[in-house]
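Heads up, the thing below is written out as structure tokens.
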Amino acid sequence: YQHRAITEDLYWIGGNDRRLALFENVYPIPRGVSYNAYLLMDEKTVLLDTVDKSVSNVFLENLEHLLGERQLDYVIVNHMEPDHCAALGQVLHRYPEAVVVCTQKALDMIGQFFGAFPALRSQTVKEGDTLTTGRHTLSFVMAPMVHWPEVMVTYDAADKILFSADAFGTFGALGGNLFADEIPFEGQWLEDARRYYTNIVGKYGSQVQALLKKAASLEIQMLCP
Ligand SMILES: [Fe+2]
């Protein structure tokens, strides 16, 4: 199993793809790419996003292993693009009791992408809404067009972590390291981060500026893109 502890109750359960030549069939990724998802094991269990189809098997194994006997209580969907949510349908089939927490636009997209889930449990959220899961209180910040219309980001006030969706994303597979301050980020990663931003998100500059203004009011100690 490849899950990695970030804090005492937060785990990275993403995966890495080193076989894909072109991201979105356009952008060369000679260093691969990581798909990042996170599992919060509070009094309630919370999955934040899922992963691309290419790494969905290892993701589902890691999720099942970490949960053990526990059920999955919430799935927060920050972004519906398939590199974030391709495995969402499988998650909802396996854990039908989980409540999907997302924007109304994302909820509409779930039906369009995966077909109807007659028993789907959902909770739509708007700017500033919160979800308390025990020690953690998560709040939701709308981020439309960074980089799709349904996007939001999630802030954990307990550990001051921002789950930032596409914001602060980068190309490049992880090589066993998880934290940017454990690697030569400026020397080996900044170029790919800049290339990712420019190609994927950069055309929505004014919306990015709006999100950065909102983020400036948050005390952020860690970004989980
Ligand atoms: Fe995206």
> So how far, in whole Å, is the C-alpha centre of the stretch 104-124 from the one of the stretch 13-66?
Replying inline: 21
> Mind checking the alpha-carbon convex hull of the chain and giving the volume per residue in Å³?
Replying inline: 119
> Which lysines, on any chain, are close to K214 with Cα under 21 Å apart, when same-chain ones fewer than 8 places away are left out?
Replying inline: K105, K126, K160, K203
> If you take the charge dipole of the chain about its Cα centre, with +1 on Lys and Arg Cβ and -1 on Asp and Glu Cβ, which of L211, T198, L131 is farthest toward its positive end?
Replying inline: T198
> When only C-alpha pairs under 8 Å and at least 6 residues apart count, what is the relative contact order of the stretch 4-224, in percent?
Replying inline: 16
> Once you sort the root eigenvalues of the Cα gyration tensor of the stretch 119-162 as a ≥ b ≥ c, which label holds: rounded (a/c under 1.5), prolate (a/b larger than b/c) or oblate (the other case)?
Replying inline: oblate
> Once the Cβ-Cβ distance between E97 and N177 is put in as r, and R0 is 30 Å, what FRET efficiency do you end up with, to the nearest 0.05?
Replying inline: 0.30
> Which percentage, to the nearest 5, of the DSSP beta bridges contained in the stretch 92-158 is antiparallel?
Replying inline: 65
>> Taking a ≥ b ≥ c as the square roots of the Cα gyration tensor eigenvalues, with a/c under 1.5 meaning rounded and otherwise prolate when a/b beats b/c, else oblate, which class fits the stretch 22-115?
In response: oblate
>> If the only charges are +1 at each Lys and Arg Cβ and -1 at each Asp and Glu Cβ, what is the size of the charge dipole of the chain around the Cα centre, to the nearest 20 debye?
In response: 460
>> Out of all DSSP beta bridges in the chain, what portion is antiparallel? Express it as a percent rounded to 5.
In response: 65
> So which residue, out of D52, D166, D17, gets the largest mean-square fluctuation from a GNM of the chain using Cα contacts under 10 Å as springs?
Replying inline: D17
> What is the stretch 47-171 by shape, rounded, prolate or oblate, if you read a ≥ b ≥ c off the alpha carbon gyration tensor as root eigenvalues and call it rounded for a/c under 1.5, prolate for a/b larger than b/c, and oblate otherwise?
Replying inline: rounded
>> Which of M142, M41, M109 ends up with the largest GNM mean-square fluctuation for the chain, with Cα atoms connected below 10 Å?
In response: M109
> Taking the chain as a Gaussian network, where each spring joins two C-alpha atoms under 10 Å apart, which residue of F171, F140, F179 fluctuates the most?
Replying inline: F179
> Where in the stretch 203-225 does the label zone of M145 land, with the point 7 angstrom along Cα→C-beta and an amide N cut-off under 11 Å?
Replying inline: 203-210
>> What number comes out for accessible area per residue over the stretch 4-224 if the probe is 1.4 Å? Units Å², please.
In response: 47
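The values are calculated or read from the model by the stated rules, or taken from the named source; none is laboratory data. Being a predicted model, the structure only gives us computed values, none of them experimental. Neighbour counts run over all protein chains shown; Cβ positions are idealised from the backbone, glycine included. Accessible surface areas use protein heavy atoms only, side chains included; no ligands, DNA or RNA. Shrake-Rupley method; radii C 1.70, N 1.55, O 1.52, S 1.80 Å.
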